[in-house]
1. What number of residues in region 124-141 are over 17 Å from P279 (Cβ atoms) and either open to solvent by 30 Å² or more (accessible area, probe 1.4 Å) or at pLDDT 95 or above (or both)?
2. Working only within region 260-284, note down all residues that are within 10 Å of the chain's Cα centre (by Cα), assigned to a helix (DSSP H, G or I) and within 18 Å of A198 (Cβ to Cβ).
3. Among the numbered criteria (1) closer than 23 Å to E109 by Cβ; (2) at pLDDT below 85, which single criterion is violated by I19?
4. Pairs, please: C-beta under 6 Å, at least 6 apart or cross-chain, first residue of a type in the set (V, I, T) and in region 193-215, second at pLDDT 95 or above?
5. Just a yes or no: is a residue in region 269-285 farther than 20 Å from A131 by Cβ, open to solvent by less than 30 Å² (accessible area, probe 1.4 Å) and of a type in the set (A, V, I, L, M)?
6. Are there any pairs with C-beta distances below 7 angstrom linking a residue in region 150-168 that is of a type in the set (V, I, T) to a residue that is crowded, with 17+ Cβ neighbours inside 10 Å, with the two at least 6 apart or on different chains, and if so which?
Amino acid sequence: MTAARPARIVSLIASATEIVCALGGEDRLVGRSHECDTPVSVLRLPICTAPRVDAEAPGRDIDRSVRALLERALSVYHVDPERLSGLRPDLIITQSLCEVCAVSLRDVEEALRAFTGSRPALLSLQPARLADLFDDIVRVAGALGEPERGRDLADRLRRRVEAIGTRAATIRGQPTVACIEWIDPLMAAGNWMPELVALAGGVSLFGEAGRHSPWMTWEQLATADPEVIVVLPCGFDLERTAREARGLAARPEWPGLRGVRSGRVFLVDGRLYFNRPGPGLVTSLEILAEILHPEVFGFGHRGTGWRAAGTAEEET
């Protein structure tokens, strides 16, 4: 017997909201998380979550606040059970990959303890690698009762990825790349990022595909001496990244790095692209390809999705 097609959906992870909308299900969304902001039309939806830290604080202060909460076994996010219940969702989409980056399955289950009325179905995503993006699209589409749309969207995104990867593989001279996911303290990018770097025609020096982002020391960064440095602090847009990146330039090790000396340090919009395992990951790959091999790739993301460090360029 076919499961009922959900009419009321609450998405509590930004990437899932983008997936639902890409599948044509935006009209069924009735609630979102505080981080769900694309497409801009979803901003009309009620917000069901809030961070327990000051998201506008400097990066180091955010890190300290998060660590303090985790040491006390407290969640980084609050899910409003009353608002959630009032929205009467048939389906709630969340994630179980990282309790720091976004509202987690545990947060939602805690909120549902006070839930009145019939309990909604829960779909928890756990994307750790690029392939998981395509699987999650199919899973979300299945939960929406739109399996064919899911397969079609996943196939179209795969073809875009394969086209870039095939072309990049023929380029001679693959630069070494360090992707910085947090600035203070220093963290490298893991999960899908090493795969994206390789597909874009680079060699990722830190992080391992499918594994959480690792902490990194300045000594390790200086010893690796990457040819290219990509700065993508988790949850920060391009302007916020530019402000936070000033902390990198203040370090004594920074001027001596090969990527800095050659002017190959780039700031990217992690909030919309690299940190979110939704359809925007394919755009992230395009951005990386433009950065690493501008003589070959030109998708038009410079100035909106990325810029060279130390500039105020806004080209579109």
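The values are calculated or read from the model by the stated rules, or taken from the named source; none is laboratory data. Everything quoted here is computed from the prediction, not taken from an experiment. For neighbour counting, all protein chains shown are included, and Cβ atoms are generated from backbone atoms with ideal geometry for every residue, glycine included. Note: accessible area is taken over every heavy atom of the protein model, side chains too, but ligands, DNA and RNA are not part of it. Shrake-Rupley method; radii C 1.70, N 1.55, O 1.52, S 1.80 Å.
1. 1
2. Correct list: Y273, F274, L281, S284.
3. In the conditions (1) closer than 23 Å to E109 by Cβ; (2) at pLDDT below 85, I19 misses (2) alone.
4. Here the result reads V197/V177; V197/S204; V203/Q174; V203/T176, each pair linking region 193-215 to a residue that is at pLDDT 95 or above.
5. Residues of region 269-285 that are farther than 20 Å from A131 by Cβ, as a first pass: 269-272.
Pick out the ones that are also open to solvent by less than 30 Å² (accessible area, probe 1.4 Å) and you get 269-270.
From the residues that got through so far, the ones that are of a type in the set (A, V, I, L, M) too are none.
Within region 269-285 (the criterion being farther than 20 Å from A131 by Cβ, open to solvent by less than 30 Å² (accessible area, probe 1.4 Å) and of a type in the set (A, V, I, L, M)), the answer is no, since none of the residues qualifies.
6. V161/L199; V161/V282; V161/L285; I164/L199; I164/A200; I164/L285; I164/E286; I164/A289
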